[in-house]
Amino acid sequence: LTVLGIETSCDETAAAVVRRKADGRAEILSNVVRAQLDLHRRYGGVVPEIAARAHVELLDAAIQQALDDAGLTLDEINAVAATAGPGLIGGLIVGVVTGKSIALARGLPFIAVNHLEAHALTARLTDGIGFPYLLLLVSGGHTQLLAVEDVGRYRRLGTTLDDALGEAFDKTAKLLGLPYPGGPEVEKLAREGEANIPLPRPMLGREEPHFSLAGLKTAVRQAAQQRAPLSDQTVADLCASFQEAVAEIVEDRTARGMALYLERFGEDAPRQLVVAGGVAANQRLREALDGLCQRKGFTLHAPPLSLCSDNGAMIAWAGLEHFAKGESDGMDAEACARWPLDPEAPPAIGAGV
Ligand code: ATP
Ligand code: FE
Ligand code: MG
C-alpha cells in the first residue's frame, strides 16, 4: 500500500509518500515540508489568509517533489490523503480540494485525515507499536492526554482549560522579545540560563489530568516587568524557569493520565506513552517524561524531530491506517476547522480551583 499525504492545516505546506509493505513494515519514501516561517515572522504569528495563499502557490510543487523523491508516479499511488481538519479553514480547503482533484482525476480513493489523529498515530509509523497506548499531544493548538484504543477510537482524559502548551511557549517568547516560533528559541536560551526565578505550577496534583497554562505565561510577564530592563542573562533565566515549570506540570499531569489509563485498561495493559506534536521536540520535556516512564514502568515513544512538527508523512500514514481498514471518504468530504478526536468528551471544567 502506497499513500500520498497532503498537509496544509497551518503554516507548513507538506506532501509525502508512505508505503506499508506486505510484512507490515512502514517506510517513508519521501517527506517534503515547505515551511512558511519567513512569510509570517514579521507578524509574530501565522496570518491565516497569507498561509492559505502560500499553500496555493507551494502545494503543487511540494507534491511533485514528494513523488520525485519517492521515485514514483501517480500510477504507483494507491490512495490520496489530505488533512481535512482541525486547522485554519483556508489552508484546509486548499489541501482537501487538491487531494480530491488528484483522486478524482486518477480514480483513486480519497481519505480525509484528522490532523490530531495523524500526530497520534505517528508512533505506529516510526515504532510499530500496537493498541492501546496513552498519548500526550502537545502542539501549537492542542494540549491533551488521550487513551488511544484503535484507529479512529480515542478517549480524551485531559485537556487544557486555556492556552495550548506550544501557544504558552510562543506567547512567553514573544513577551520576552524572542522571534516566532518561540518554542525552539525558549529551549535554546534555557540552556544558557538557570531556573532560579519562582513561577507557579498551575493544576499540580489535581485529580483530573487537565492543564492550565495561561497563568504561567502571566507570571513570566510579571517577573519580567519586575526585572526590567532585562539583561540577556535574566531572559535566559526566565526561559529556563518557564521550561522547568512546564516540565514539572507536564510530568505531574501525565502521571495522572497514566493512572486513569491503567484504571481504564487494567494494570496489565501495555504501558506505552507516546508524546506527539511540535512541543515534543523539547529535550527537557522528553527528559522529564523519560524519568516518569522509568518510574512507572512505561516505555516512551517520541517520534524523531522531523515527524514531531507538522509534516505530510504523518498524514499519509493516518490515511493508510484508515484505508487498510477498508475506509475511505467520498468526493463530498469537506474541510472543517473544528474536529475533536473525542467528540463525546465533556467540556473541561474546574478552572480557578
Ligand atoms: P496543531 O497541531 O495543534 O494544529 P501546530 O500545527 O501549530 O498546532 P505543531 O506544528 O505540531 O503545532 O507544533 C508547533 C508548536 O510547537 C509551536 O507552538 C512551537 O513553538 C512548538 N515547539 C516547536 N519546537 C519546540 C521546542 N523545542 N520546545 C518547545 N516548543 C516547541
Ligand atoms: Fe500539528
Ligand atoms: Mg504547525
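The values are calculated or read from the model by the stated rules, or taken from the named source; none is laboratory data. All values reported here derive from a predicted model rather than from experimental measurement. Cβ coordinates were reconstructed from backbone atoms using ideal geometry, including for glycine residues, and neighbour counts include every protein chain displayed.
Inspection of the stretch 139-148 identifies no residue that is surrounded by fewer than 18 Cβ atoms within 10 Å (Cβ to Cβ) and of a type in the set (A, V, I, L, M, F, W, C). For the stretch 88-109, the criterion of being assigned to a strand (DSSP E or B) and under 25 Å from S139 (Cβ atoms) is satisfied by no residue at all.
Please specify each residue of the stretch 294-353 satisfying the condition of being surrounded by 12 or more Cβ atoms within 10 Å (Cβ to Cβ) and more than 29 Å from A79 (Cβ to Cβ). Across the stretch 294-353, the qualifying residues are K296, F298, T299, L300, A345, A348, G350, A351. Taking the numbered list (1) within 13 Å of ligand 1 (Cβ to nearest atom); (2) in contact with an Asp or Glu (Cβ under 8 Å, 6 or more places away or on another chain) in turn, L92 passes all entries but (2).
For the condition closer than 27 Å to K325 by Cβ, in contact with a Leu (Cβ under 9 Å, 6 or more places away or on another chain) and either assigned to a helix (DSSP H, G or I) or within 15 Å of ligand 2 (Cβ to nearest atom) (or both), I6 qualifies.
Condition first: within 16 Å of ligand 2 (Cβ to nearest atom) and at pLDDT below 95. Now tell me which residues in the stretch 9-33 satisfy that. Residues satisfying the conditions are C10, D11, E12.
Name the single residue that is nearest to ligand 2 (Cβ to nearest atom) among those in the stretch 275-331 being of a type in the set (S, T, N, Q) and either in contact with a helix residue (DSSP H, G or I) (Cβ under 6 Å, 6 or more places away or on another chain) or over 27 Å from E194 (Cα atoms) (or both).
Applying the filter and picking the extreme gives S309.
All of (1) within 30 Å of A82 (Cα to Cα); (2) within 16 Å of ligand 1 (Cβ to nearest atom); (3) modelled with pLDDT of 95 or more hold for H322 with one exception: (2). Counting just the residues of the stretch 154-203 that are more than 10 Å from ligand 1 (Cβ to nearest atom) and polar (S, T, N, Q), which one comes out farthest from E344 (Cα to Cα)? Top of the filtered list is N196. Going residue by residue through the stretch 113-132, is there one that turns out to be within 15 Å of the chain's Cα centre (by Cα), assigned to a loop (DSSP other than H, G, I, E, B) and closer than 21 Å to P303 by Cβ? Within the stretch 113-132, not a single residue is within 15 Å of the chain's Cα centre (by Cα), assigned to a loop (DSSP other than H, G, I, E, B) and closer than 21 Å to P303 by Cβ. Scanning the stretch 325-348 for residues that are under 22 Å from R155 (Cα atoms) and of a type in the set (A, V, I, L, M) yields A337, L341, A345, A348. Looking only at residues in the stretch 36-79 that are part of a loop (DSSP other than H, G, I, E, B) and touching a His at 6+ places or on another chain (Cβ under 9 Å), which one is surrounded by the fewest Cβ atoms within 10 Å (Cβ to Cβ)? Per the criteria, the residue is V47.
Taking the stretch 161-188 as the range and being in a helix (DSSP H, G or I), away from ligand 2 (no atom under 16 Å from the Cβ) and surrounded by fewer than 19 Cβ atoms within 10 Å (Cβ to Cβ) as the test, the residues that pass are K174, L175, K188. If you filter the stretch 275-293 down to residues that are of a type outside the set (A, V, I, L, M) and more than 16 Å from ligand 1 (Cβ to nearest atom), you find that the one that is surrounded by the most Cβ atoms within 10 Å (Cβ to Cβ) is C293.
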